[in-house]
Amino acid sequence: MKQVAEKISIIEEIARGTGTVDGMIGGQVVDLEAEHTKPDLKMLEYIHRAKTAAWRHFVPVRRHKQQHDGDEVKDLRNRVRK
């Protein structure tokens with residue numbers, strides 16, 4: 001049963017990273033929309049956070065999740081994605 005819970009947890013983190021608002025999908029949409037414009041700093045930061053940081057956060061959050069409770073994991077997830 002523990003293996004099933006761990007697999008579900010991994011899928012949950014991947015889904016979070018690929019999500020449509022703050023994940024890679026949202027970042028890619030904004031990136032494509034900004035392709036023929038001059039994006040401001042706020043837009044560039046969003047694209048970076050949504051595309052790059054969303055994926056980069058997976059490993060540290062996954063490791064931390066194995067050892068800590070939900071509030072600590074949520075805090076780490078927020079810190080890593082900034």
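The values are calculated or read from the model by the stated rules, or taken from the named source; none is laboratory data. Fair warning: this is a prediction, and the values are worked out from it, not measured in the lab. Neighbour counts run over all protein chains shown; Cβ positions are idealised from the backbone, glycine included.
Points to keep in mind about this one:
- Those residues of the stretch 10-51 which are small (Gly, Ala, Ser) and either in contact with a Gly (Cβ under 6 Å, 6 or more places away or on another chain) or exposed (fewer than 14 other Cβ atoms within 10 Å of the Cβ) (or both), in sequence order: Ala15, Gly17, Gly23, Ala50
- Matching residues, the stretch 1-21, being in a loop (DSSP other than H, G, I, E, B) and closer than 16 Å to Arg56 by Cβ: Gly19
- Tabulated pairs, the stretch 32-44, first under 18 Å from Asp22 (Cα atoms), second assigned to a loop (DSSP other than H, G, I, E, B) and among the polar types (S, T, N, Q), C-beta under 9 angstrom, 6+ apart or interchain: Met43/Thr37
- Of the residues making up the stretch 39-62, just one is at pLDDT below 80 and not in a helix (DSSP H, G or I), namely His57.
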